[in-house]
Amino acid sequence: MASIQTNQSASLQSGSAPQKYLIPFALVTSLFFLWGFAISMLDVLNRHFQKILNISRAESAWVQVCTFGAYFLMALPAGYFMKKYGYKKGILCGLALYAGGAFLVYPAGELQSWPFFLLALFILACGLAFLETAANPYATVLGPPESSAFRLNLAQSFNGLGVFTGPKIGALFLFATENASLEVGFDKVQQPYLLVGALVTFVAVLFFFTPLPEIKDEAEAEADNTGLFKFPHFNAGVIAQFLNVGAQICVWGFFINYAVETLAFSDATAANYLANGMLIFMVGRFAGTFLMRFLKANQLLGIYATIMVILLVITSLDLFGSNSIYALMLFFFFQSITFPTIFALGVKDMGKYTKQASSYMIMAIVGGAVFPPIIGAIADNTSIALSFLLPAAMFAYIAWYGFKGSQTRL
């Protein structure tokens, strides 16, 4: 934010802010792990339900549609909720929805109901929308404005740990038995979500009993949505985030399909490769955070996005046979910084509009609902390999945003 309340600005200048914000920042960082786990579990569920329900790739993409559609529907309400009640209550609301959705997976499994399961995912994702709407801007303002991109990437590094854990847990529970029956297939989904629900409930208790500083912009009460769209870097940033999340979910969601159908891996082996890709993603987050000490965030984004375009073309054309899997895994390293960097660049210098801008940035996550059915349909009608040209084109735009479109100007 451009300006923080006077007493907080003074504490930042005096150097006491880092100590004051250490525990809140650590707690907020735990949220990044929790939603990273929830999102990466979808990539295993996608393949799992293709098998047990005998549905197409485009149909299995409904796990992404319901999850990321919730972001679109809940981002603005979440933003308004936090504007009225504060970050802490917003986070608690998000954790309650997250845990509630996770626990609802159990009755969905008992009924062996695909629509009920999708409803549980939708409720869980409503919680994720609250958490991301709160935690992303909260991380950016818990310290000096000039280091906001660094701070958000640091917090998002623990999101990388979550996305690494998701496929590992998914492979352990869901792919332990090949060709599982419908009943067994739903039973295997219940177990990890019960554990997740319990963990999220525990984290909610910690947040409830921990005091959190409420950070507000001095002119926040005067802000309205009309001024938001006068900032070209924000407008371009929303589009970049929409394409970024869409491209990410396309690659993550159909990684296992690519490894199985193009490279003839088993489901379990493909899931483990995906988990290793997520490990590379986590390493990329920490490496990107380090590199931002020497390169501007927008420059690093532009360079990384250009490299991703090249890697996805290699993957799509299957230029190296079975070794093409390594090009796709390397993609995770460079994609690791895109979400937090686009977010930070998009809301930079927005002043009193920061919370509203953050809500629109979270709404842009709906790209994860829009593009998976499209890439699934392309794969159903051509091949899973050729369908990866779609995210390659999307990252070309993001490269432009990094180099040019993210420059703040009026």
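The values are calculated or read from the model by the stated rules, or taken from the named source; none is laboratory data. In this text the structure is predicted, and so the values were computed from the model without any measurement. A quick note on method: Cβ atoms are made from the backbone with ideal geometry, for glycine too, and the neighbour counts reach across all protein chains shown.
Can you tell which of Leu111, Leu76 is in contact with a Ser or Thr (Cβ under 6 Å, 6 or more places away or on another chain) and more than 27 Å from Ile280 (Cα to Cα)?
Matching residue, one of Leu111, Leu76: Leu76.
So, in the range 53-69, how many residues would count as being among the hydrophobic types (A, V, I, L, M, F, W, C) and out of contact with any Leu (no Cβ under 7 Å at 6 or more places or on another chain)?
Adding up the residues that qualify gives 6.
Table: residues versus (1) farther than 13 Å from Leu312 by Cβ; (2) over 19 Å from the mean Cα position of the chain (by Cα); (3) at pLDDT 90 or above.
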{"site": "Ala327", "(1), (2), (3)": "no, yes, yes"}
{"site": "Phe331", "(1), (2), (3)": "no, no, yes"}
{"site": "Lys355", "(1), (2), (3)": "yes, no, no"}
{"site": "Ser359", "(1), (2), (3)": "yes, no, no"}
{"site": "Ser387", "(1), (2), (3)": "no, yes, yes"}
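Leu53: more than 18 Å from Val105 (Cβ to Cβ) and either under 16 Å from the mean Cα position of the chain (by Cα) or in contact (Cβ under 8 Å) with a residue 24 or more places away in the chain (or both), yes or no?
In short, no.
Are there any helices (runs of 4 or more DSSP H) wholly within the range 1-108 with 3 or more residues that are at pLDDT 85 or above, and if so which?
22-53, 62-85
Quick one: count up the residues across the range 323-339 that are under 23 Å from Ala297 (Cα atoms) and either among the aromatic types (Phe, Trp, Tyr) or in contact with a Lys or Arg (Cβ under 7 Å, 6 or more places away or on another chain) (or both).
7
Checking Gln248 against (1) modelled with pLDDT under 85; (2) buried (at least 21 other Cβ atoms within 10 Å of the Cβ), which single condition isn't satisfied?
Only one criterion in (1) modelled with pLDDT under 85; (2) buried (at least 21 other Cβ atoms within 10 Å of the Cβ) is unmet by Gln248, namely (1).
For the range 200-241, give me each residue that is modelled with pLDDT of 80 or more, of a type in the set (A, V, I, L, M) and loosely packed, with under 15 Cβ neighbours inside 10 Å.
Within the range 200-241, Val205, Leu206 meet the criteria.
Within the set of pairs 6+ apart or on separate chains, which have a first residue in the range 157-173 that is within 14 Å of Val189 (Cβ to Cβ) and among the aromatic types (Phe, Trp, Tyr), a second that is in a helix (DSSP H, G or I) and modelled with pLDDT of 75 or more, and C-beta atoms under 8 Å apart?
Sorted first by the residue in the range 157-173, then by its partner, the pairs are Phe173/Lys188; Phe173/Val189; Phe173/Gln191; Phe173/Pro192.
Considering only the range 357-399, state which residues are without any contact (Cβ under 8 Å) to a residue 60 or more places away in the chain, of a type outside the set (A, V, I, L, M, F, W, C) and assigned to a helix (DSSP H, G or I).
Once the filter is applied, which keeps residues that are without any contact (Cβ under 8 Å) to a residue 60 or more places away in the chain, of a type outside the set (A, V, I, L, M, F, W, C) and assigned to a helix (DSSP H, G or I), the range 357-399 yields only Asn381.
Please work out which one of (1) in contact with a Phe, Trp or Tyr (Cβ under 6 Å, 6 or more places away or on another chain); (2) surrounded by fewer than 22 Cβ atoms within 10 Å (Cβ to Cβ) is the condition Lys83 fails and give its number.
Result: Lys83 fails condition (1) only.
Sort out which residues of the range 400-410 are assigned to a helix (DSSP H, G or I) and either of a type in the set (Lys, Arg) or within 21 Å of Asn46 (Cβ to Cβ) (or both), and write them in order of number.
Residue satisfying the conditions is Lys404 alone.
(1) within 20 Å of Leu42 (Cβ to Cβ); (2) surrounded by 21 or more Cβ atoms within 10 Å (Cβ to Cβ); (3) modelled with pLDDT of 90 or more: which one isn't true of Ile342, the others all being true?
Single failed check for Ile342: (1).
When the range 393-408 is examined, which residues are found to be surrounded by fewer than 20 Cβ atoms within 10 Å (Cβ to Cβ) and not charged (D, E, K, R)?
Ala393, Ala396, Tyr397, Trp400, Phe403, Gln407, Thr408
Name the pairs whose Cβ atoms lie under 9 Å apart, with the first residue in the range 300-312 and over 13 Å from Gly284 (Cα atoms), the second outside any helix (DSSP H, G or I) and aliphatic (A, V, I, L, M), and 6 or more positions between them or separate chains?
Hits for this filter: Ile303/Leu295.
Evaluate the range 225-239: report whether one residue or more is outside any helix (DSSP H, G or I) and more than 17 Å from Thr315 (Cα to Cα).
Checking the range 225-239: at least one residue is outside any helix (DSSP H, G or I) and more than 17 Å from Thr315 (Cα to Cα).
State yes or no: is Phe290 surrounded by fewer than 18 Cβ atoms within 10 Å (Cβ to Cβ), free of Cβ contacts under 8 Å to residues at least 12 places away in the same chain and either assigned to a helix (DSSP H, G or I) or of a type in the set (S, T, N, Q) (or both)?
In short, yes.
Answer yes or no as to whether Ile39 is of a type in the set (Val, Ile, Thr) and either surrounded by fewer than 20 Cβ atoms within 10 Å (Cβ to Cβ) or touching an Asp or Glu at 6+ places or on another chain (Cβ under 8 Å) (or both).
no
Residue-wise test of (1) free of Cβ contacts under 8 Å to residues at least 12 places away in the same chain; (2) closer than 14 Å to Asn257 by Cα; (3) small (Gly, Ala, Ser).
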position	(1), (2), (3)
Val44	no, yes, no
Ala61	no, yes, yes
Thr67	no, no, no
Leu73	no, no, no
Gly79	no, no, yes
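Considering each of Ile374, Ile378 in turn, give the residue that is touching a Cys at 6+ places or on another chain (Cβ under 9 Å) and surrounded by fewer than 22 Cβ atoms within 10 Å (Cβ to Cβ).
Ile374
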